[in-house]
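Quick notes on the structure that follows.
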Amino acid sequence: MPQGCAIWTQEPRYAHDRPRQLAHPRILTTALISTMLLAGCLPDPKVGFDSPAPSKRLDAIVQASELEDDDSLVKLVEKLRSHTPAERMLAIRSLETRTGKTLDYHHAAPHWQRVAAYNRWVQYLQNLGMTLPDDMEPIEIPQDATPEGSGDETPMEEAQTQED
């Protein structure tokens with residue numbers, strides 16, 4: 001290296017002469033560790049029929065097939081009204097496991113057929129002498145229900161509120 005050459009021997013004088021850094025390494029390390037800690041501390045949604053996580057609702061339905069209490073049986077029948085076909089399918093399989101019956105409920109059937117089968121399940125629970133929630137009553141089958149499947153446009157929850 002030649003002596004006397006100011007470029008090689010001196011430190012940069014001005015800030016614009018120094019190489020740029022995005023952030024100080026300590027700041028980056030602190031931000032990374034904080035993010036990792038917060039991600040690990042977030043609560044996992046709990047298993048339950050009303051969980052915001054769909055997978056946790058499905059887990060609750062599957063677990064209910066092994067229970068013997070009345071509350072979970074009522075919740076399974078309520079899940080027959082779900083908008084989600086997977087919830088309906090698991091609910092009827094869990095009910096079949098617990099009771100040995102399906103009462104001709106098919107999770108992928110046209111809406112009016114599911115309503116009729118749901119009404120049979122409500123009647124079944126009433127015949128067992130179970131106390132049902134106030135909002136769990138038989139639903140009127142739509143007037144336009146036909147074997148071709150018309151009447152599917154109104155979900156069960158909306159049909160229930162239209163009666164009131």
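Computed from the coordinates by the stated procedures, all read-outs in this text should not be read as laboratory data. This structure is a prediction, so every number in the text was calculated from the model and none was measured. Here the Cβ is made from the backbone with ideal geometry for all residues, glycine too, and neighbour counts use every protein chain on show.
Okay, here's what the table says:
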{"quantity": "Contour excess over end-to-end distance, with Cα ends at R98 and D70 and 0.36 nm allotted per residue", "calculated": "9.0 nm"}
{"quantity": "Listed peptides 86-98, 118-130, 52-64 by packing density, highest first (mean Cβ within 10 Å)", "calculated": "86-98, 52-64, 118-130"}
